[in-house]
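Student: First, the structure itself, so that you have it in front of you.
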């Protein structure tokens, strides 16, 4: 994706005092103001140059002062200075475009301030302008006519500026949100790593409070049962067999609890992940146009009605309440209103074009029949709709063709009505209305594109984060299930065998049965500690004591199973903790499977670290273990599944199956230096 805000136009836009539409319209009005006063140059050249100097100073301030970076009081002071310059220029020379200079100041206020402030400021500017007009004309009717002539273009220009600034600010908000999301996307790898660690810790904490606590409770009940059995058997040997049987039942319940916990961890559903980066700015259903549906309906009626009412007032003032002259205004004004409403409701390009031509015809006939040039400002209605409704290419062609066609038509029909010097304010008004609207459409298009990019980036980040969340939760649950099965499962199996042996010895050797109970209690306490270590993700062989742990494991298996177990080992002193843990779990699983599924006479355990690999092989000579394990593997044996997952994470391999006519082999191969997961 392209980097944002790296182009030269964007840099210029940042350095400009105002947004492009406001800056462009304001500069155009100020530069055109001396041109509109060229007709006065011959009579008062000195006044003209003084007037031009004040306007030039205004242009310099408008172009160079970084007003948007100033505090509020400085911005207000800056606009007051502009009002003073315009007032001074107006006292020197009453140029036709001086009215629009005050309008430019209002546009700047719209771009800088909140509505309540710029509206208050606009009222003060309007009062200042009215005072100057009243002083210059010294005639109430002339003052009223000036107000009526400026009211409609000022309304259109201000509304267009509001639409533009609204679209600009919304676009800036979306662009800012897109930049933030782009930064998140650029740093996605680091974010996902952090998120993965966070999810693992949260899931570990949650599992510790649920499954680990339940397992500890089950172990505590079993340990209490063993302790009670020991106390009772020491005082009453006659009850030994019954007590041992009850204790074994409690241990069996703990094993069942373990199996159900492992099944829940392996097959449990993962809750949906709530993504932290959701875009705050969304595109509403009615936001396909630069003006909302409700404001558009209001403007459809308000702007034509305002123009018709102002046209009636101007015509009555200029022609001394002549009813004959007022009739064309009412007739073509009604036509203008009807065609304007009709144009706003159609979608077909031909009907839209026909409606705009009809409106232009109605405005032109009102101006020609009443000989009132300010009525040509009604063409702003046509330009407004063209800028908002037509495509950019169609709008540009219309805006270039309509003024030329109307100028040629006026020159043919009413040559005396067409004053090229007097047409400058109308051209400036047309640009001041259409330029903000066209730029607002551009901002609207850019905003929609940015919102689409924002939605795509958000969806991609959400998807990847959700996948990482799911994988992290699954990995943590798998780790806990694997460790519970390999460590706690083996211990509980040994405890169950010891209790079975104690039950068998109860009638013949009470002391031996009691010894088995005491040994079972020690194993239960070790299992308790194992649950805590597994929940806290502690490696059981983090201190490099693999050989001692294997000897202890084999010694326990010898006592319980009675089989001959031989250990052959080499090079186990400097193995990494992860590799040592995998070897220990493999030997533990192999011995446990031999006890659970077979009655072997001999078990060979070979653990050899040579070169870059370490191999662990557990062989037993009883084929009875073949069928159950193959069946378990087909249905998803948690022990073999856990071993395979553990080994694959370390870059090794594992195999389990028959190796002779009546034997079974579990074999593990691991690199001494495990790969990074």
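The values are calculated or read from the model by the stated rules, or taken from the named source; none is laboratory data. Remember, it's a predicted structure, so these values are computed and weren't measured experimentally. Cβ placement follows ideal geometry from the backbone for every residue including glycine, while neighbour counts extend to all protein chains displayed.
Student: Which one is nearest to the chain's Cα centre (by Cα), of the residues in region 595-618 that are over 20 Å from residue 585 (Cβ atoms) and in a strand (DSSP E or B)?
Tutor: Here the residue is 610.
Student: Let me ask another. Tell me which residues, restricted to region 143-165, are touching a residue at least 40 places away in the same chain (Cβ under 8 Å) and more than 15 Å from residue 387 (Cβ to Cβ).
Tutor: Correct list: 144, 145, 146, 148, 149, 150, 151, 152, 154, 155, 158, 165.
Student: Considering only region 457-470, how many residues are over 14 Å from the mean Cα position of the chain (by Cα) and touching a residue at least 60 places away in the same chain (Cβ under 8 Å)?
Tutor: The qualifying residues number 3.
Student: Is region 514-537 home to any residue that is out of contact with any strand residue (DSSP E or B) (no Cβ under 6 Å at 6 or more places or on another chain), modelled with pLDDT of 75 or more, farther than 18 Å from residue 500 by Cα and buried (at least 19 other Cβ atoms within 10 Å of the Cβ)?
Tutor: No, there is no match, as no residue in region 514-537 is out of contact with any strand residue (DSSP E or B) (no Cβ under 6 Å at 6 or more places or on another chain), modelled with pLDDT of 75 or more, farther than 18 Å from residue 500 by Cα and buried (at least 19 other Cβ atoms within 10 Å of the Cβ).
Student: Out of all the residues in region 128-137, is one or more part of a helix (DSSP H, G or I), without any contact (Cβ under 8 Å) to a residue 40 or more places away in the chain and under 15 Å from residue 428 (Cβ atoms)?
Tutor: no
Student: Let me ask something else. Do we find that residue 437 is in a helix (DSSP H, G or I), over 44 Å from the mean Cα position of the chain (by Cα) and modelled with pLDDT of 80 or more in this structure?
Tutor: So residue 437 does not fit the description; no.
Student: Now for a different question. Which ones in region 554-582 are surrounded by 15 or more Cβ atoms within 10 Å (Cβ to Cβ), in contact with a strand residue (DSSP E or B) (Cβ under 7 Å, 6 or more places away or on another chain) and farther than 27 Å from residue 479 by Cβ?
Tutor: Passing the criteria: 563, 565, 567.
Student: Let me ask something additional. For the structure I just gave you, tell me whether residue 74 is modelled with pLDDT of 85 or more, in a helix (DSSP H, G or I) and over 30 Å from residue 450 (Cβ atoms).
Tutor: Yes, satisfied.
Student: Working only within region 621-677, note down all residues that are crowded, with 16+ Cβ neighbours inside 10 Å, modelled with pLDDT under 65 and within 48 Å of the chain's Cα centre (by Cα).
Tutor: 632, 637, 638
Student: Here's another thing I want to ask about it. Can you name the helices (runs of 4 or more DSSP H) wholly within region 322-433 that have at least 3 residues being modelled with pLDDT of 85 or more and more than 41 Å from the chain's Cα centre (by Cα)?
Tutor: It comes to 323-345, 349-370.
Student: Tell me, yes or no, whether region 566-587 has at least one residue that is within 21 Å of residue 663 (Cα to Cα) and at pLDDT below 75.
Tutor: Checked against the condition, which is being within 21 Å of residue 663 (Cα to Cα) and at pLDDT below 75, region 566-587 yields no hits at all.
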